[in-house]
Amino acid sequence: MKKSVSVILAAALALGLAACGGTTPSSAVASSGAAESVSASAAAAGKDPAECRIGIMQLSEHEALDSAREGFIDALVEAGFSEDNIEVQNAQGEIPNCATIATKFVNDDVDLILAIATPAAQAAAQATTEIPILATAVTDFVSAGLVESDEVPGGNVSGTSDMNPIDEQADLLVKLVPDAQTVGILYCSAEDNSTLQAELARAAFEERGLTVNEYTVADVNEIQPVTTKAVGEVDAIYVPTDNLFAENMPTAALVTEGAGIPVICGESGMVESGGTATYGINYYNLGKLAAEQAIEILVNGADISTMPVQFAAAEDLEFAVNEENCAAIGLEIPEDLLG
């Protein structure tokens, strides 16, 4: 595994929207009619934490999503919830599996569902309008059709957003590769939130005078050939918090490292897997933030329909760099970034 260095930066930043992507089925779109559904959070208010039953549905396995899950569970156990009553199901990257898992949790009549990543959240929202659903590792709850607004969700879904500090990531690329003229953005075209991040990244890089090329893949089989095309046409690459690339970063890294091309990633797990560097949020703390919402709903009777979507705290922004990758591509890390 590549060595990485992470430094917590107490930067005065406000993170915006948020996560790893997914499609937006129309039936998942929040509407004013959702307010008429039964509030499971009210029904579960005042329950003994040790008796609460929680279902966790995770889209796929990679470091960011795993960390969010671990932070959520650790915070709940610390608050008196029983880990024996927390069931974890992984969809292994298959969106149809999300629907099956969501239906299982509804049939099991769990007290709350945590959905990790956008497709998982959308599947849960399709499956029930009564059981409270918290989502994490979701980039934009509104565009994903999960809430009416971040401030007042209006239905049975809320959660924590993992929107990237894209401007800071663009600044990092310029600092690390000051001679770069053309940047390639690599992402999966099937992930809506990746598309959103790519649009924001394009604007950020163009504001800094860089030419931007976009390269999209539809599945894992396209990662190597598309990355190979990209490294022949750009000076640096940016990859947002994209689930497909997060799972398969070593495949892309074999190509980029061999070509001597630096890769700025959306989150630190991708740096650990072969990318070059990032400023990104702490997914473990993001999961803990979702756990705080769960406690408010289940123990204190908070109404999820009025519970605002939460965003990562500025102090959780991390700088992560893969020193081995930098050495392999001949990239010098500025001393001020290493603290």
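Filter the stretch 48-64 down to the residues that are assigned to a loop (DSSP other than H, G, I, E, B) and surrounded by 16 or more Cβ atoms within 10 Å (Cβ to Cβ) and list them by number.
Once the filter is applied, which keeps residues that are assigned to a loop (DSSP other than H, G, I, E, B) and surrounded by 16 or more Cβ atoms within 10 Å (Cβ to Cβ), the stretch 48-64 yields Cys52, Arg53, Leu59, Ser60, His62.
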Failed item in (1) at pLDDT 90 or above; (2) loosely packed, with under 15 Cβ neighbours inside 10 Å, with Ser31 passing the rest: (1)
Of the criteria (1) surrounded by fewer than 22 Cβ atoms within 10 Å (Cβ to Cβ); (2) charged (D, E, K, R); (3) closer than 14 Å to Gly287 by Cβ, which one Arg69 fails: (1)
Filtered residue count, the stretch 302-322, keeping only those that are among the charged types (D, E, K, R) and modelled with pLDDT of 95 or more: 1
Filter result for Ala302 (out of contact with any Lys or Arg (no Cβ under 7 Å at 6 or more places or on another chain), in the same structural domain as Ala121 (by TED's automatic domain parsing) and surrounded by fewer than 23 Cβ atoms within 10 Å (Cβ to Cβ)): yes
Residue in the stretch 54-66 that is in contact (Cβ under 8 Å) with a residue 60 or more places away in the chain and of a type in the set (S, T, N, Q) present: yes
Number of the exception - Ile297 against (1) under 26 Å from Gly71 (Cβ atoms); (2) surrounded by 24 or more Cβ atoms within 10 Å (Cβ to Cβ); (3) assigned by TED's automatic domain parsing to the domain that holds Cys188: (3)
Only listed residue being closer than 19 Å to Ala190 by Cα, outside the structural domain of Met270 (by TED's automatic domain parsing) and either surrounded by fewer than 19 Cβ atoms within 10 Å (Cβ to Cβ) or among the basic types (Lys, Arg) (or both), chosen from Pro119, Pro96: Pro96
Matching strands (runs of 3 or more DSSP E) fully within the stretch 163-273 where at least 3 residues are surrounded by 21 or more Cβ atoms within 10 Å (Cβ to Cβ) and either charged (D, E, K, R) or modelled with pLDDT of 95 or more (or both): 182-188, 236-239, 263-265
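The values are calculated or read from the model by the stated rules, or taken from the named source; none is laboratory data. Everything numeric in this text was worked out from a predicted model, so none of it was measured. All Cβ positions, glycine included, derive from the backbone under ideal geometry; neighbour counts span all protein chains shown.
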